[in-house]
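Chemist: Here it is, the structure, as structure tokens.
Read-outs: derived from the displayed coordinates by stated rules, not from any lab. Note that this is a predicted model, so its numbers are computed, not measured. FYI the Cβ positions are ideal-geometry reconstructions off the backbone, even for glycines, and counts take in every protein chain you see.
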Amino acid sequence: MNKFCLIFILFFPLITFSAGDKKEIIESNNDLMLLKKEIEKEKSEIKKIDQSKISVNLKLKAIEKEIAFNEAVLSEINKQYIKIKGNQQLIGEKIDILTRDIEVLMKEVRKGNIYLVDNRGIINLKLLIFSRSYHEMIKNLEIIEKVNIKLKDKISQIAMKKKEIEELNKQFAEKSKELENLKKIKWEVLRELQNQKVIYTQTLAVLDVDKKHKESYYSILQSRYEELNKRILEVEKENRNSNFTPSGTGFGKLKGFLDWPVKGRIVEGFGVKYVESLKTEIYNKGVKIEVNGDGFVRSVHDGVVKYVDWIKGYGNLVIISHPDDFYTIYANIDDVLVKNGQKVTKGEKIGIIDVDIKEVQHYLYFEIRKNNNALNPQEWLKKEAT
């Protein structure tokens, strides 16, 4: 709820219930129109909040869909990564096997060639050279050569296979690194989307709270509108039936000479005031008088009680109509001693503020109005409370 709304709630009742004659009814009707405009404004604000919620919900659903998609992609990347890591392990094992096979074959080649020479280095060679015939020697040499060629071919094939596998392993390593980088990017995207989801979720929560406040304020305005409309009708009827003319000096001639409504001192003056809880300035249309006497609240002049009721933020409130279109307003009264339509005289007790309760500050809220214009009570009251 914005600052204006709070100020409006606090001060609107006193504005609306000060009507007492035709001029005041016109003013109150103007207030009624202003209130109706404020109601329409709040209704529009609530509609905007609903539209914002729809927009945020759509964005939230889109983000949730994108999160689900990225989670699925990340899951697939993980599967590929695990598979490649498994393949790398198998390839590593195959490379080890092929390396051992090459070593075995190399040993066989060396062993076949060493066979021609014994420990003394000449016996087998002599047997080969001094064979029974030249053809037999050639044949033996050809056999040895063929065996060596086959072994070397096998070694060459194994070496080529090993090279192919090593190249494949290299490709797997590159793919593994690529997947790791992709995983990292996807995780960052996912975290960013989740952060956005949190932001939109929080935004929805804020909009819900704001809407709740707006609806509450809208309800208050609607209630005030209905109440004000009712009061205007009552005041119109009352003015039609009223023929009371207070006696005594005209109210307008009493500036600076009015008796105080209670014994005490002013603790909060008329005019601009900074409210810490709202972090803003408001305009006080009256004064707060701290009570230090017997607690009786008295009418400051002859008049007719036009309004008695309990108002939120002000407690029991009494409005008295005086000659020359003047009104006085008395609020925060514990016990009211008058009723609507009652004639009162200057100094007559109209209420009581319970000064026996020591734990709280006892004060009277007091206003003076000409038509619907708030006047500074400090300029109208006597210099000191009597």
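Chemist: For the residues Asp356, Asp324, Asp334, what sequence is obtained by ranking on other C-beta atoms within 10 Å, fewest first? Working shown, then result.
Modeler: Working: Asp356 7, Asp324 11, Asp334 16.
Least crowded to most crowded, the residues run Asp356, Asp324, Asp334.
Chemist: Specify which residue in the list His322, Leu364, Ile333 is farthest towards the positive end of the charge dipole of the stretch 253-379, using unit charges on the beta carbon of Lys, Arg (+1) and Asp, Glu (-1), about the Cα centre.
Modeler: So the residue furthest toward the plus end is His322.
Chemist: For Glu64 and Thr345, compute 0.36 nm times the residue count separating them, minus their Cα-Cα distance, and round to one decimal in nm.
Modeler: Once the chain is fully extended between Glu64 and Thr345, it gains 93.9 nm.
Chemist: OK, next. By counting other Cβ atoms within 10 Å of each Cβ, how are Lys346, Lys170 ranked from fewest to most?
Modeler: Listing Lys346, Lys170 from fewest to most nearby Cβ atoms yields Lys170, Lys346.
Chemist: I would also like to ask the following. List every residue whose amide H lies under 5 Å from the amide H of Asp334, counting only residues 5 or more places away in sequence or on a different chain, with H placed 1.01 Å from N in the peptide plane.
Modeler: Correct list: Ile352, Ile353, Asp354.
Chemist: A further question on this structure: If we count other beta carbons within 10 Å of each Cβ, what is the order of Val189, Val262, fewest first?
Modeler: Ranking Val189, Val262 by Cβ neighbours within 10 Å, fewest first, gives Val189, Val262.
Chemist: Amide H neighbours of Trp260 under 5 Å, at least 5 residues apart or on other chains, H built in the peptide plane: list them.
Modeler: Under 5 Å from the amide H of Trp260: Lys382, Thr386.
Chemist: For Tyr363, which sequence-distant residues (separation of 5 or more, or a different chain) have an amide H within less than 5 Å of its own amide H, given hydrogens modelled in the peptide plane?
Modeler: Answer set, sorted by chain and number: Val291.
Chemist: For the residue pair Tyr274 and Ile46, what label-to-label distance in nm results when each label sits 7 Å from Cα along the Cα-to-beta-carbon direction?
Modeler: Those two pseudo-labels are separated by 3.6 nm.
Chemist: Now a separate question. Give Lys94/Lys161; Lys94/Lys154; Lys36/Lys273 a once-over and call out the pairs whose C-alpha atoms are over 19 Å from each other.
Modeler: Violating the 19 Å Cα-Cα cut-off are Lys36/Lys273.
Chemist: Ok, one more. Express in nm, to one decimal, how much length is gained between Ala173 and Arg100 on full extension, taking 0.36 nm for each residue of separation and deducting their alpha carbon distance. All intermediate terms of the calculation are to be shown ahead of the outcome.
Modeler: On the way: separation 73, 0.36 × 73 = 26.28 nm, distance 2.28 nm.
Extending this stretch completely gives an extra 24.0 nm.
Chemist: Past 20 Å, Cα to Cα, is the threshold; run Lys43/Lys211; Lys48/Lys197; Lys83/Lys175; Lys339/Lys370 against it and keep the listed order.
Modeler: Lys48/Lys197; Lys339/Lys370
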